[in-house]
Every structure is written in C-alpha cells, then in structure tokens.
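A short write-up of the structure that comes next.
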Amino acid sequence: MIGGHFAYPDLPHHVGQVMFWLGIFGLVLWLLAHLGAFDRLPFMARFSGHAPAPTRDTKISEAIAYICYLDWGKSFLMAAGDNPPTEAVEALKSFRQAAADGHVQIWGKVVHGDVYEPIDADYWRSYQIEWFSLLRGQTITEPAVVGVKRGSEYVDLMVSKSQIEAVWPRKRRKIRLQKPWTVKDA
C-alpha cells in the first residue's frame, strides 16, 4: 500500500500519495494502540489486548436485576416479584459462581467499616449474598456452608458494570423490516 505509486505506475500520482499517507497513519495508530494509548476507550482496549481495570460503580442488586433482564434500569425487587421468581434465584446462583470463579470482582465493607475492599474469589465458596438484604436494598453476606463461623461478613456490596456486561452480554435490539415496523429484543 505504501509503495502504491511504484507498484501501480498507471495510478495518478495523488492517489499514490493518499495511499502512502494512509499507510503511515494506520501504522501510527497501530503503534499507539499496541502501546496502550487508547486503553481508556473500552472498545479500543478490546482490540489492543489491554483490559482496563474494573471500577466499583454498580450496586449488587442492580447487577443481579440486570442478569435477570439483560437490561439496566430494573430493580432486584422487580426481578424477585416476577412470576416465576426462579429467574432471580438462578441469577443469584450464577452471579455467585462467577464471583467464585474470579470472573466478577466484588467489593464490600467490613460490617462496621467505612472503606470498600475487594473480596477474594475463595470467599464465595463459603459465603453468599443474603436474599432478604437484596430485597431491602442493603446487601450483606452470610455463611452458605454449615460450619462457617460468623464474623467475616461484608455489607454494601458493589461490582463493576463493565465486568457484568462482559460476563452477561446485553440484549441486542433487532429491527424487523416488515409491516408493522417494530423493534424486538433478540
């Protein structure tokens, strides 16, 4: 592409120059992406191979409601009240498994603490999120296995929205080209 004028002598000179400068521009963009200059842009980070660090920006109850509906803006209370409520139970199980596998980072405060800290993936093998605390909107953990001592609970659990969307991708909208014109969830 860079030597387009010499490789294709029948092309006009200005076409060869445009091809040359486009090649140089593409090379510079590739180099910048490879060095991580575009890591702040999530869609570019995927292509460059650098993943941005997850940020604590979403409450657990909102994340589990998202897992149920694959759409933001719903509450866990809505998801638990739907008939049948088993989707909320399955979403909570799926969420706990993703946390135990290390796919989703969860942050929480120690019961009488003020600072958020990341919770280890191993923690979720012995603990779970209390169902009724999700309904109340103030999340707390509880032992999930018999024999686990109380005292290691966390409150005000939060996750990264980008990680949740990476594990459970959003629903895509599909436009059907037939009358009547409608938009349906895929």
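List of remarks:
- Candidate set from region 115-130 (those that are in a helix (DSSP H, G or I) and open to solvent by 40 Å² or more (accessible area, probe 1.4 Å)); member that is farthest from S75 (Cα to Cα): D122
- Among residues of region 2-18 being in a loop (DSSP other than H, G, I, E, B) and loosely packed, with under 11 Cβ neighbours inside 10 Å, the one that is modelled with the lowest pLDDT is P9.
- In region 58-108, of all residues being of a type in the set (F, W, Y) and open to solvent by less than 20 Å² (accessible area, probe 1.4 Å), the one that is farthest from the chain's Cα centre (by Cα) corresponds to F76.
- In the set (1) in contact with a strand residue (DSSP E or B) (Cβ under 7 Å, 6 or more places away or on another chain); (2) farther than 15 Å from I164 by Cβ; (3) open to solvent by less than 60 Å² (accessible area, probe 1.4 Å); (4) among the aliphatic types (A, V, I, L, M), L135 fails one condition alone, (1).
- Verdict on K93 being assigned to a helix (DSSP H, G or I) and either farther than 21 Å from A166 by Cβ or modelled with pLDDT of 85 or more (or both): yes
- Candidate set: region 32-48, residues that are part of a loop (DSSP other than H, G, I, E, B), closer than 16 Å to S162 by Cβ and open to solvent by less than 80 Å² (accessible area, probe 1.4 Å); chosen: the one modelled with the highest pLDDT: F38
Yes/no matrix, rows are residues, columns are (1) at pLDDT 85 or above; (2) among the charged types (D, E, K, R); (3) in a loop (DSSP other than H, G, I, E, B); (4) more than 26 Å from L77 (Cα to Cα):
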| residue | (1), (2), (3), (4) |
| --- | --- |
| K109 | yes, yes, no, no |
| G113 | yes, no, yes, yes |
| F132 | yes, no, no, no |
| V145 | yes, no, yes, no |
| K149 | no, yes, yes, yes |
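The values are calculated or read from the model by the stated rules, or taken from the named source; none is laboratory data. Please read these numbers as outputs of a predicted model, since none were measured by experiment. Cβ sites come from the backbone with ideal geometry, for glycine too, and all protein chains shown count toward neighbours. Keep in mind that these areas ignore ligands, DNA and RNA; they rest on the heavy atoms of the full protein, side chains included. Shrake-Rupley method; radii C 1.70, N 1.55, O 1.52, S 1.80 Å.
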